[in-house]
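Q: My structure is below; once you've seen it, I'll send some questions.
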Amino acid sequence: MTQNVIHEQREITDKLKEECGVFGMYDLNGADVASTIYYGLFALQHRGQESCGIAVSETTGPKGKVNSFKGMGLVNEVFLPGSLDGLHGDIGVGHVRYSTAGASTRENAQPLVLNYIKGTLGLAHNGNLINAQELRDELVYGGAIFQTTIDSEVIAYHIARERVHTKNVEEAVKRAARKIRGAYSLIIMSPRKLIGARDSYGFKPLCIGKRDQSYILASETCALETVGAQFVRDVLPGEIVTITKDGIKSDTSLCMPKEESARCIFEYIYFARPDSHIDGISVYESRIKAGRFLAMDSPAEADLVVGVPESGNAAALGYSLESGIPYGTAFVKNAYVGRTFIKPKQSSRESSVRVKLNVLKEEVAGKRVIMIDDSIVRGTTSDRIVSMLKEAGAKEVHMRVSSPPFLWPCYFGTDVPAREQLLAYNRTVEQICDIIGADSLAYLKEERLEELVDQKLSICKGCFNGKYPMEPPKEDIRGEYEK
């Protein structure tokens, strides 16, 4: 897929994108892990639809031999029948990607595999570094030659460089972690070890699972359940876990006080699958709460509450439960629309939104409808969805959004664009309501965000209020290397 097509699709969908999902496995009995990683990536497909890959190795085999397979597309597009046949190994790592920094090309697909003096490293990364440019320049001026344009390669190189001077790979990971700034959940495969690391703020999720004599690291618990593994625990912010044939070893020397952590609140609002639990909090329950809070704080007289599929559905149910207004289904989603459908020409009558969604006229005709969506980013689809409801006969459309207005960009792995592209920037709620054509509009109040996670977790709200947990870069270099 060309970069232009991807850019066009982002404009069409007007949905935030997560950078990626990661999944790693070590079978202590020596069985092949590739097929399980494949199904784990299926469960994480919502976290990235541009590319995917798997890299595996045999812990009892020769050091330095890694078999990998990756490509552009969805998991079932890249891995065709027979694709896993050559992927033999009892330790491996997998990845699904959406690009927020670095072009969408096969070269940037992960996992990354490095061959260096100490052996091999296979690395999968979820997140975004804010000092990637500085670290990259340091390596380039030292003679490093980069094969990709992503900050994940910067991390891999720094781990490899530190490994030359350390007694083991986990110590090299720790030293590299002290240098990198930003958001990262990492899974690293060395010849004999599987390592998971999470940044000290805990922006991105990472958890541990176990199935028989296999250990698993994954972005979300839904992936554990998909492959029949039991959830063990979440990796702590700042923690490095090392899995060997002797079990799990933990290093918490980089951990900060819990109140200084900064989980991405959008994992709970939109990114994660509703059947996942992240850091002890149910994603589904968080979305139900968001809907309840909208009903409490921004009520409207209506006959029906509906959600924009899929992420708006649970919040809509919460609104219905709190308000007593019936919950219904107004939209039918085309399940077969992938990431690459062709954008209609401007002269065409086909709407890119209608390709994905159709309205059930019988459900909305003659009714006052409350429509719940998870966010408004650029606003390029909200107006069309409101228009579709009214064309189907809805008397009124009241839009409720289960997040606050986006006013600032994100530098930590979420595709929130520059301020000038955000619909809420320099506009009042009333002005936005007029633009999208709704009868009323209300957002989730910012002070409600902590309640979504039971006030048990410290969260990042930088994209809503501009107060980031760490100093953002002076220049917005996201996508700097895209060609």
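Only the coordinates and a few stated rules stand behind these numbers; no lab work does. Note that this is a predicted model, so its numbers are computed, not measured. Because the Cβ atoms are built from the backbone with ideal geometry, glycine has one as well, and the counts that use them run over all protein chains shown.
Q: Based on DSSP H runs of at least 4 residues, each adding -39500 (n - 2.57), what is the mean residue ellipticity at 222 nm of the chain after dividing by all its residues, to the nearest 500 deg cm²/dmol?
A: Value at 222 nm, helices only, nearest 500: -7000 deg cm²/dmol.
Q: Right, something else. Could you rank the peptides 232-243, 125-136 by their average count of other C-beta atoms within 10 Å per residue, with the highest value first?
A: 125-136, 232-243
Q: Next question, about the same structure. Relative contact order of the chain, please, whole-number percent, based on alpha carbon pairs below 8 angstrom and at least 6 residues apart.
A: 15
Q: Explain nothing, just the number: dipole magnitude of the range 384-426 about its Cα centre with +1 on each Lys and Arg Cβ and -1 on each Asp and Glu Cβ, in debye rounded to the nearest 20.
A: 140
Q: Would you list, by chain and number, the lysines whose Cα falls below 17 Å from the Cα of K204, excluding same-chain residues fewer than 8 positions away?
A: Correct list for K204: K17, K258, K456, K461.
Q: Show me, for the range 420-425, the HN-Hα J-couplings you get by feeding each phi into the Karplus relation (A = 6.51, B = -1.76, C = 1.60, θ = phi - 60°), rounded to Hz, glycine and proline as x.
A: Computed from phi, the couplings for the range 420-425 are 5, 8, 8, 4, 6, 5 Hz.
Q: If you count, for each residue, the other Cβ atoms within 10 Å and average over each peptide, how do 259-271, 53-65 line up from highest to lowest?
A: Listed from highest to lowest mean packing, they are 259-271, 53-65.
Q: Assign one of three labels to the range 94-210, namely rounded, prolate or oblate, based on the Cα gyration tensor with a ≥ b ≥ c the square roots of its eigenvalues; rounded applies when a/c is under 1.5, prolate when it is not and a/b is larger than b/c, and oblate otherwise.
A: In terms of gyration-tensor shape, rounded.
Q: Also: Based on the Kirkwood radius over alpha-carbon pairs, what is the Stokes-Einstein translational diffusion coefficient of the range 3-261 at 25 °C with 0.890 mPa s viscosity, in µm²/s?
A: After rounding, the answer is 136 µm²/s.
Q: What list of ³J(HN,Hα) values in whole Hz, one per residue of the range 50-56 in order, does the Karplus curve 6.51 cos²θ - 1.76 cosθ + 1.60 (θ = phi - 60°) give from phi, with Gly and Pro shown as x?
A: 8, 7, 7, x, 9, 10, 9
Q: Percent antiparallel among DSSP beta bridges with both residues in the chain, to the nearest 5?
A: In the chain, approximately 80 percent of DSSP beta bridges are antiparallel ones.
Q: Shifting gears a bit: Viscosity 0.890 mPa s, temperature 25 °C: what is the translational diffusion coefficient of the range 278-465 from Stokes-Einstein with a Kirkwood Rh over Cα pairs, rounded to a whole number of µm²/s?
A: 143
Q: If the reach is capped at under 19 angstrom between alpha carbons, list the aspartates and glutamates near K367, excluding any in the same chain fewer than eight residues apart.
A: E301, D303, D383, E391, E396, D439
Q: Next up: Among the lysines, which have Cα under 22 Å from the Cα of K118 when same-chain residues fewer than 8 positions away are ignored?
A: Correct list for K118: K63, K65, K167, K174, K179, K193, K245, K249.
Q: Can you pull a Stokes-Einstein diffusion coefficient for the range 205-294 at 37 °C (0.692 mPa s), Rh from Kirkwood over Cα pairs, as a whole number of µm²/s?
A: 230
Q: Also, I was wondering about something else. Mind putting together the pair-distance distribution for the chain? All Cα pairs, 10 Å bins, whole percent per bin, short to long.
A: Taking every Cα pair in the chain, the percentages come to 4, 20, 30, 25, 14, 5, 1, 0.
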